[in-house]
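Step one of this worksheet: look at the structure below.
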Amino acid sequence: MNKCLFEQEVLDVYVPENPIVEYRTEIDNELIHMENFQLSTSGMFILQAKMNFAKPVHFQTEIVGDAVTSQFIFYRPSASPNPMEMSRHNIRYIPSFKSTQEVKDGIDYHFFIAVLSKEYYLSLIKRDSLLHQEFIRELNEGNQASYVKEDYMATFEMQQTIAELVECKKMGEIRRLHTESHILELLMYQFEQYFQEQNRTEFAFTEEDIVRLEKARLILESRISNPPTQRELASEVMTSESKLRKDFRRYYSMTINNYLTQVRMAKAKSYLLDERLPVYEVAALTGYSHQNNFTNAFKKYYGVPPIELKA
């Protein structure tokens, strides 16, 4: 297209009183379909871009001045009937730089990046925190650095946090608090995953294991109203039931049943708050044959019955 898609100035100084500005844009022509969400304030800029292309194109990115970024990319073939996405993420310190990247045709891309000034980042994670000693050493010396050498795959919690941050309807100071808390939550999930991986390197997963686990996760998410048994799920992803249970718990840091409950409750909350569905319908959609069972599960998970949340 030979033109700038967006340009954003982010102040280095973190001023909590400055307002948050957000807007959404869309590009739709014969070459590209792109939906952008942008949010900014002093010291922080967030971009989410969902896009696909009719032919391969090149993107040029330029940063003038340094920043800390929390970066995510999700991608899958556009024509694939399988909803499984591949993903990767990292935390990076980026001095001024310019880069060009090719993106392929026939792929659905979902980019999310939180660009934080050093001052903003250090207002969230203190400089002397044990979470990022090596990272801070490189930052202080002005060297480009990634928190880990190899990107990791995004977890369900990370994806939920990104969705909640982007889809938030709150305004003013409440929107600021919501945004800051979710950026901190996202960083926390990234740090947590890094430390977990360091502590279990002797149990490294093969690429085949990861694809199998991601497929199992997506089956659970897409069939919450009538989920397979663990034996059926293991058969669908072509592994043994015991291996699936063990690998799932190590990879996602929770059991299959706990994960299914988490997905059901997140979906139930969305049905109640966003779609305003009646409780009995939400119960059926999330796989509960009796409304009372759903009400008890919802109250145990969120601390309030669904009828109060809906009100």
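Selection of helices (runs of 4 or more DSSP H) fully inside the stretch 154-229 by the criterion of at least 1 residues being out of contact with any helix residue (DSSP H, G or I) (no Cβ under 9 Å at 6 or more places or on another chain), more than 18 Å from LEU47 (Cβ to Cβ) and without any contact (Cβ under 8 Å) to a residue 40 or more places away in the chain returns 172-199, 207-222. Counting only residues that are more than 18 Å from GLN101 (Cα to Cα) and of a type outside the set (Ser, Thr, Tyr), the stretch 37-72 holds 11 of them. Looking for something over 15 Å from TYR93 (Cα atoms), touching a Gly at 6+ places or on another chain (Cβ under 9 Å) and surrounded by 15 or more Cβ atoms within 10 Å (Cβ to Cβ) - is there at least one such residue anywhere in the stretch 168-175? No, that holds for no residue.
Any idea which of HIS182, HIS89 is farther than 22 Å from ARG24 by Cβ and modelled with pLDDT of 90 or more? Full working, then the answer.
Numbers: HIS182 fails: farther than 22 Å from ARG24 by Cβ.
Exactly one of HIS182, HIS89 is farther than 22 Å from ARG24 by Cβ and modelled with pLDDT of 90 or more, namely HIS89.
Quick one: which helices (runs of 4 or more DSSP H) lie wholly within the stretch 265-311 and hold at least 1 residues that are modelled with pLDDT under 90 and within 26 Å of LYS170 (Cα to Cα)?
Values: elements: 279-285, 291-302, 306-310.
Answer list for the stretch 265-311: 291-302, 306-310.
Output yes when any residue across the stretch 116-133 is of a type in the set (Gly, Ala, Ser) and open to solvent by less than 30 Å² (accessible area, probe 1.4 Å), and no when none is.
Of all residues in the stretch 116-133, those of a type in the set (Gly, Ala, Ser) come to 117, 123, 129.
Cutting the leftovers down to open to solvent by less than 30 Å² (accessible area, probe 1.4 Å) gives us 117, 129.
Yes, that holds for at least one residue.
So which strands (runs of 3 or more DSSP E) are wholly in the stretch 1-100 and hold at least 3 residues that are open to solvent by less than 60 Å² (accessible area, probe 1.4 Å)? Here the list reads 32-41, 44-53, 57-63, 67-77, 86-94. The set of residues in the stretch 238-291 being of a type in the set (A, V, I, L, M), over 24 Å from the mean Cα position of the chain (by Cα) and closer than 27 Å to ILE210 by Cα consists of MET238 alone.
The values are calculated or read from the model by the stated rules, or taken from the named source; none is laboratory data. Keep in mind that this is a model prediction, so the values were computed, not measured. In this analysis, Cβ positions are derived from the backbone assuming ideal geometry, glycine residues included, and neighbour counts consider all displayed protein chains. Just so you know, the surface numbers come from the protein's heavy atoms only, side chains and all, with ligands and any DNA or RNA stripped out. Shrake-Rupley method; radii C 1.70, N 1.55, O 1.52, S 1.80 Å.
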